[in-house]
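Here's the structure, in structure tokens; my notes come after.
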Amino acid sequence: MHSDLIGKIEKARRYAQEPERIAINELKATFHGGNSDHLITLHENHWSCDCSFFRMWNTCAHVMAFQKIFDPMLAPEAREATSPITTTDEMAVAMS
Ligand SMILES: [Zn+2]
């Protein structure tokens, strides 16, 4: 194999250990939820999900899962829940 390419492969291996190097600007994904699939988008650091919970609360389990998975790659605005929910108790009630 060409030595230049070997160097790039080694660099990629190092980069893959440093997810904070990556900043996700746009994202569109299908989330396989418990009952049905949901379309999730991240646009200008604002999340959106087509589930009914999101419409009411501006966040949902799908978005929160994404925030956990992609945390190092998100801008501070996109890391935070945009929901008015302040306690996990409130969240538990809302999700039941
Ligand atoms: Zn959702």
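Quick notes
- Leading residue by the ranking (farthest from Ala75 (Cα to Cα)) among those in region 1-44 that are within 18 Å of the chain's Cα centre (by Cα) and among the basic types (Lys, Arg): Lys28
- Where a residue in region 38-61 is at positive phi and its partner, wherever it lies, is acidic (Asp, Glu) and more than 6 Å from the ligand (Cβ to nearest atom), with Cβ under 6 Å and at least six apart: Asn45/Glu77
Just so you know, all these numbers are worked out from the coordinates, no wet-lab data involved. In this text, all values refer to a predicted model and were calculated from it rather than measured experimentally. Every residue, glycine as well, gets a Cβ built from its backbone with ideal geometry; the counts of neighbours run over all protein chains shown.
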